[in-house]
Structures are given as structure tokens and as C-alpha cells.
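Below: the structure, in C-alpha cells.
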Amino acid sequence: MREPRIDYAAVFRALPGMVALLTPDLVYADANEDFLRLAGRTREQLLCRYMFDVFPENPNDAAAAGMRETQASMLRVVATGERDTMALLRYDIEDSARPGHWVEHFWSPVNAPVLGPDGDVVLIVHRVEEVTELIRARGGTGSDSSRARVLEAELYTRARELQDVNERLRRAHAHDREVALALQAAMLPAPTPVGHHRAAVRYRPAVGTLNVCGDWYDLVDLPGDRIAVAVGDVVGHGLRAAGVMGQLRSALSAASRVADGPARAVEALGLYARHVDGAESSTVVKTFIDWATHTVTYSSAGHPPPALLDPDGTVTFLDQATDPPLGARPEHVPRPQARTAFAEGATLVLYTDGLIERRHEDIDVGLARLADSLVRHGRSDPEALADALLADLLPPTGATDDTALVVLRL
């Protein structure tokens, strides 16, 4: 028996319910008869026109969000190649026969991709059910007609679809978090023992990130009673910044084992960073601590200064060897370094700018806040002091920038 020859164009136009086809640029390619009738537009008014030129947003409604939400849904379909079920949507339509007169409408839209041979989205199927009648019926302005019951069933189906989508998103988020935590553990492992010297490290991602960031710390044992401690900051958040951070951290850790001081180690890192995409404008501060001479030698590439708390409660910011961030100069220039003495029992604190900087606030205000917190909690052991600093300095609602912190008792 021969397969029937189907005129799919005729089938499309006869489909019950409102269905339109749009290009990935959100230009109308076709629309069925129900769409044209219920939207109050002719085929000529739709075809080859940008969707939101045909259906602009109601300028009289300051809270209108239908255009933004519809556009976002369709662009998700283009980006992911997956169906996107929207929540109930209000989108008023201008009466074509009465320019300037807007008619209230409620819709339940679904957008689905049509894929080409290469897997790219070539068309968007925009299926929309008008539910204005049901909304009005539920508001007591209409009867519970059979049409309203059909629409209610349709809305129930859409609600279940949204529930399924949300569940998949929750599972995906949980998986992303597991990956992020594993990456964080690999990128910022617990510090190796530093002899009898007590150190505490902390890492806090910015609110809304994947729990990974471009901030980092590093502690390295050196020959004799010496250690090298560093903190750094890569511009940006997320996996890309974390990847750059991992490369810079490893490079500086290796350089500090062979360099004769922090300046030479930072110089080597700067040369390496020139060949790492995304490393430009990264900042870092490197310290070499020597208990035999009771000195801290340091060099900074555009990074906030370490804080040294003396046992008498005096706070000194180590800012005498500050240079531009990595990659800021077109040519290689030797980095500066400085040295300061410390007393037994002093505390050295290295941190990234997320600890002290706030929008619309001078950095000196943040530094003063850090100094005040150090004085008040300075007698605490490093672990307790690290927690106290975070509690005092980070916003209770969560920081908008990443934070890395090292507290070392000298």
C-alpha cells in the first residue's frame, strides 16, 4: 500500500491552536490560521517581520514584561536546542483596527526547536494558547464554560511540564555544584604543613557563582626555617577564571622554590602570564618569611597590601613594593621588593580585594575596617581569627566578589 502524500503546509495551517514559525533571529516565517485569527493579524502583516515589531509591548504598562520573557525563552531555545515551556504570561496586543488601543491578553506559550542536518536550530515553533477567558472566569468575571475547562486542563499540563523542567534544573544544579566543589578542592587544596607555624586559610566565592573563582592562595615550605605565602586574584568568576587561576598558582608555586626572593618569583609569573589567555590584569602578592632573621620580604603586582599585626596591637600594611598587575606593561621590567622585621608572635594576613572593597567606597575605608578587626581579635589563634575577619568584613547577605584569606602566626 502506498504511503499517503501529505501536504504538510496545509496541515500546518489547519492545526488547531495558535502556532507560528520563527527564524533564530525571531522573524516570522509562517503562522497557522488560528494564530492569524486570534492575534488579529494578516499573513502579510507577519511574514518576514521581526516578532516584536509586529507585537510591541504595551507602552502604557510600566510593569509589562511579556516581550522580555518571550524573547528570553526563544533565545534559550536557539542556544540550547531544547524545548522551553513558559509560565503564564500577560502580553497585551494593540487592536489593529484601533491604533493606540491595547487589549489585555493572557497566554500560555511553549517554544520548541526545529533542528537542521547539522544540529543547529533553524526554526522555532511558537505554540501559544490564549487563556484570557480562563483568567477572567477565575476572577469571577465570566462563566465556567466548557472552553474554560479545556483551558484549565491545558494549563495543568503546562504546569506539570514546568515542574519537570524545574526538577531537571535542580538535578543539573546539584551536579554542577558537585563538579565545582571537586574543582575547588583540586585548585585550592589544604595547605601543606609549615613546620610548627600555625596558619589558617579561607576561600569564599561570590554570591551566585559555581563555588569556584579566580581567587587563590598558596603556601610553600622553603629550605631552612622559611616559607613562601601568596594570594592572587584573576579577573572574573566561574570555571574559566578558575582554570586561569590554577595555571598561575602552579607557576608561582614552582617559581618560588627556585627564585632568590619574591620579586624574582613574581617576575617569572609575569612572563608566564603573557602566554595564558585570560591572565591579563591578574594581581598577586608574594611573601617570603624567614624566622632565622625575623623578616618578611614581599613583592606585589597590583594587589592589596598584606597586613602585619604586631603583638602590641599595631597594624602595618606592607605597601612599599607595589607594582602594576600582571601583563599591564608591554615590556619586561624587574619587580620591586621590600623587607620588614617582625616580632615573635606577630600575625601576617594576606587577602584578596573581596575582603575589603565595596562599591562606592574608598579602599582606605576597607583597610581601616580590616585593621580595626585585627586589633579586636588579634589575640585569637589563626583559625578563630580567620573566621572573625570574615564575619566582620563580609556582608551578611553574601559578598559580590570572591575572597581568599591566609592568616599566619609568626
*When Lys and Arg each count +1 and Asp and Glu each count -1, what net charge do the other residues less than 11 Å away from R198, Cβ to Cβ, add up to?*
-1
*Could you look at the stretch 295-346 and say what percent of its accessible area is carbon and sulfur, using a 1.4 Å probe and all protein chains?*
50 percent
_Separation of alpha-carbon centers, the stretch 337-410 and the stretch 58-109, rounded to whole Å_ = 49 Å
*What order do you get for 342-352, 2-12, 42-52 when each peptide is scored by the mean count of other beta carbon atoms within 10 Å, highest first?*
342-352, 42-52, 2-12
*Expressed as a rounded percentage, what relative contact order does the stretch 322-410 have, with Cα pairs under 8 Å and six or more residues apart?*
43 percent
*Local net charge near F52, Cβ-Cβ under 14 Å (Lys/Arg +1, Asp/Glu -1)*: -3
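The values are calculated or read from the model by the stated rules, or taken from the named source; none is laboratory data. Quick caveat: nothing in here was measured; it's all calculated off a predicted structure. Every residue, glycine as well, gets a Cβ built from its backbone with ideal geometry; the counts of neighbours run over all protein chains shown. These accessible areas exclude ligands, DNA and RNA; they are computed on the full protein's heavy atoms, side chains included. Shrake-Rupley method; radii C 1.70, N 1.55, O 1.52, S 1.80 Å.
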